1. Has region 66-77 got any residue that is closer than 21 Å to Thr118 by Cα, exposed (fewer than 15 other Cβ atoms within 10 Å of the Cβ) and touching a strand residue (DSSP E or B) at 6+ places or on another chain (Cβ under 8 Å)?
2. Can you spot a residue in region 6-14 that is in contact with a strand residue (DSSP E or B) (Cβ under 9 Å, 6 or more places away or on another chain), of a type in the set (A, V, I, L, M, F, W, C), in a helix (DSSP H, G or I) and at pLDDT below 95?
3. Being part of a helix (DSSP H, G or I), under 15 Å from Gly106 (Cβ atoms) and among the charged types (D, E, K, R), is that true of even one residue in region 22-33?
4. Of all residues in region 15-42 being touching a strand residue (DSSP E or B) at 6+ places or on another chain (Cβ under 9 Å) and among the hydrophobic types (A, V, I, L, M, F, W, C), which is surrounded by the most Cβ atoms within 10 Å (Cβ to Cβ)?
5. So Ala57 ticks every box in (1) in a helix (DSSP H, G or I); (2) more than 24 Å from Ala10 (Cβ to Cβ) but one. Which box is left unticked?
6. Of all residues in region 87-100 being touching a residue at least 24 places away in the same chain (Cβ under 8 Å) and over 14 Å from Pro45 (Cβ atoms), which is surrounded by the fewest Cβ atoms within 10 Å (Cβ to Cβ)?
Amino acid sequence: MEPNKDQLAALAARGPGPVVMLNLVKYAQAGGKDAYLRYSRGFVPLLKQCGGTILWAGEVSGVAIGDDAGDAWDYAVLVRYPNAQAFVDTMTSDAYAAINPDRLEGLSKHVILPVTETYSKLAG
């Protein structure tokens, strides 16, 4: 659940322009949600400092279409950063390192996927 240097380097190489990160979260069994909320309270100021914002966040309620993996995720968040480097800088900062133990304590599974908008291209 920790970013590795290769992942961060590839992300930073994306170049300029905003990036949206899709966070998929599975809480740890005991006290996971509370620990993740502590992490979130510490993370929001860091996000604002880098010019980012939360676009949407909500609880996952099951699977509408696809494999029966409804218990795979508890929470999903879309986070917009002004660019990929802002994400990398935030994730590698001392301030982030100070709050990350709460994230690690709170989660049994966490993925962050960079996503690129394509709808507006399809809509013409």
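The values are calculated or read from the model by the stated rules, or taken from the named source; none is laboratory data. Since we're looking at a predicted model, the values are computed, not measured. Using ideal geometry, Cβ is built from the backbone for each residue, glycine included, and neighbour counts are taken over all protein chains shown.
1. Looking through region 66-77, at least one residue is closer than 21 Å to Thr118 by Cα, exposed (fewer than 15 other Cβ atoms within 10 Å of the Cβ) and touching a strand residue (DSSP E or B) at 6+ places or on another chain (Cβ under 8 Å).
2. yes
3. Looking only at region 22-33, we keep the residues that are part of a helix (DSSP H, G or I), and these are 32-33.
Pick out the ones that are also under 15 Å from Gly106 (Cβ atoms) and you get 32-33.
Restricting the remaining residues to those that are among the charged types (D, E, K, R) gives 33.
Within region 22-33 (the criterion being part of a helix (DSSP H, G or I), under 15 Å from Gly106 (Cβ atoms) and among the charged types (D, E, K, R)), the answer is yes, since at least one residue qualifies.
4. So, considering only residues that are touching a strand residue (DSSP E or B) at 6+ places or on another chain (Cβ under 9 Å) and among the hydrophobic types (A, V, I, L, M, F, W, C), the one surrounded by the most Cβ atoms within 10 Å (Cβ to Cβ) is Val25.
5. The single condition Ala57 does not satisfy is (1).
6. Thr92
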